[in-house]
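The values are calculated or read from the model by the stated rules, or taken from the named source; none is laboratory data. Model, not experiment: these values are computed from the prediction. Cβ sites come from the backbone with ideal geometry, for glycine too, and all protein chains shown count toward neighbours. These area figures cover heavy atoms from the full protein model, side chains too; ligands, DNA and RNA do not enter into them. Shrake-Rupley method; radii C 1.70, N 1.55, O 1.52, S 1.80 Å.
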Amino acid sequence: QVQLVESGGGLVQPGGSLRLSCAASGFIFSAHFMSWYRQAPGKERDLVAHITGVDGATIYADSVKGRFTISGDNAKNTVYLQMSSLKPEDTAVYYCSTYYRGSRYWGQGTQVTVSS
């Protein structure tokens, strides 16, 4: 059974940094992929970043390029999202997600609030 557990969210001032973690179980990240999405109140859930476990290839939304970095630790089966130069518009619930054996899996989400 695939489980994804996010952590690391919180309240941060504009310009600050946070690192989100997504601990995976039930599948091997290094043979698959992981994505981070976010959903702000009243808006759709959007892709933020994506990493392929096999070769570490990454994709970023234009809005976070140069500020966010996605990475994976195969030994810990964990994916991270390092967020820097945070802006109020980055405020959202952040979810990690993967697609495994025909099903989409989501974590429970972690709230990130950027405010002074």
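Miscellaneous remarks
- For region 11-109, a crude dipole built from +1 on the beta carbon of Lys and Arg and -1 on the beta carbon of Asp and Glu, taken about the Cα centre, is about 120 debye to the nearest 20.
- When a 1.4 Å probe is rolled over the protein heavy atoms, the share of accessible surface on region 58-116 that falls to carbon and sulfur comes to 46 percent.
- Given the chain, longest segment not containing exposed loop trypsin sites (Lys or Arg not before Pro) (DSSP; at most 14 other Cβ within 10 Å): 1-42
- Per residue, the chain exposes 52 Å² of accessible surface when a 1.4 Å probe is rolled over the protein heavy atoms with every protein chain present.
- Per-residue ³J(HN,Hα) for region 38-54, Karplus 6.51 cos²θ - 1.76 cosθ + 1.60, θ = phi - 60°, Hz, x for Gly and Pro: 9, 9, 8, x, x, 10, 6, 7, 10, 5, 9, 7, 8, 9, 9, x, 5
- Qualifying lysines (Cα of each under 20 Å from Cα of LYS65; at least 8 residues distant if same chain): LYS87
- Among VAL79, VAL48, VAL12, residue whose mean-square fluctuation peaks in a GNM of the chain (springs only between Cα atoms under 10 Å): VAL12
- Dipole of region 58-116, positive end: most advanced residue of LEU86, TYR105, GLY66 [Cβ charges, Cα centre]: TYR105
- Those aspartates and glutamates that a straight Cα-Cα span of less than 18 Å connects to LYS76, excepting residues fewer than 8 apart in one chain: GLU6, ASP55
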